[in-house]
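Quick notes on the structure that follows.
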């Protein structure tokens, strides 16, 4: 499976398993295993750098297993073939997102105006709270 010009996922890194899909479908749903579970052994992949693997782990979230595999499921269609294609597309999108290096944030000092606005807001809020006290009976 080709991710981009330089990254290619080999067949030995992918495992597909098929299960019965949930949801409506009549009698047909009880007979066919159309849901696809695509497993990608990302931690053992020689084509991904450690930086890409760490970003992929963060992006995958709950789909990342303890042994370093990404599990993508697809059961949107009633056809097994369409679900296989959908699972592969989901995996490709996930890996391509992991390829993007996030921009580093350059810290800047707050402007004088923003400091003044913040302090003015705090002063106004303090005055509102000060007025909540007991009312004198005079």
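Can you find a residue that is more than 30 Å from residue 57 (Cβ to Cβ), at pLDDT below 95 and not in a helix (DSSP H, G or I) anywhere in segment 115-131?
yes
Select from segment 2-33 the residues that are under 16 Å from residue 83 (Cβ atoms) and out of contact with any strand residue (DSSP E or B) (no Cβ under 7 Å at 6 or more places or on another chain) and list them in ascending order.
In the first step, residues of segment 2-33 are kept if they are under 16 Å from residue 83 (Cβ atoms); the result is 14-25, 28-29, 31-33.
Within segment 2-33, 22, 23, 24, 25, 28, 29, 31, 32 meet the criteria.
Would you check which residues across segment 70-91 are surrounded by fewer than 18 Cβ atoms within 10 Å (Cβ to Cβ) and under 22 Å from residue 6 (Cα atoms) and list them?
If the condition is that a residue be surrounded by fewer than 18 Cβ atoms within 10 Å (Cβ to Cβ) and under 22 Å from residue 6 (Cα atoms), then 85, 89, 90 are the ones that fit.
Pull up segment 1-47, narrow it to residues that are surrounded by 17 or more Cβ atoms within 10 Å (Cβ to Cβ) and farther than 16 Å from residue 94 by Cα, then point me to the one that is modelled with the lowest pLDDT.
Result: 21.
Please verify whether residue 94 is under 15 Å from the mean Cα position of the chain (by Cα), under 21 Å from residue 10 (Cβ atoms), in contact (Cβ under 8 Å) with a residue 60 or more places away in the chain and crowded, with 16+ Cβ neighbours inside 10 Å, treating the condition exactly as stated. Explain how you work it out, then say what you get.
Working: under 15 Å from the mean Cα position of the chain (by Cα): yes; under 21 Å from residue 10 (Cβ atoms): yes; in contact (Cβ under 8 Å) with a residue 60 or more places away in the chain: no; crowded, with 16+ Cβ neighbours inside 10 Å: yes.
Considered against the rule, which asks whether it is under 15 Å from the mean Cα position of the chain (by Cα), under 21 Å from residue 10 (Cβ atoms), in contact (Cβ under 8 Å) with a residue 60 or more places away in the chain and crowded, with 16+ Cβ neighbours inside 10 Å, residue 94 comes out as no.
The values are calculated or read from the model by the stated rules, or taken from the named source; none is laboratory data. These numbers were taken from a predicted model, which means no experiment stands behind them. Please note: Cβ atoms are built from the backbone with ideal geometry, for glycine as well, and neighbour counts cover all protein chains shown.
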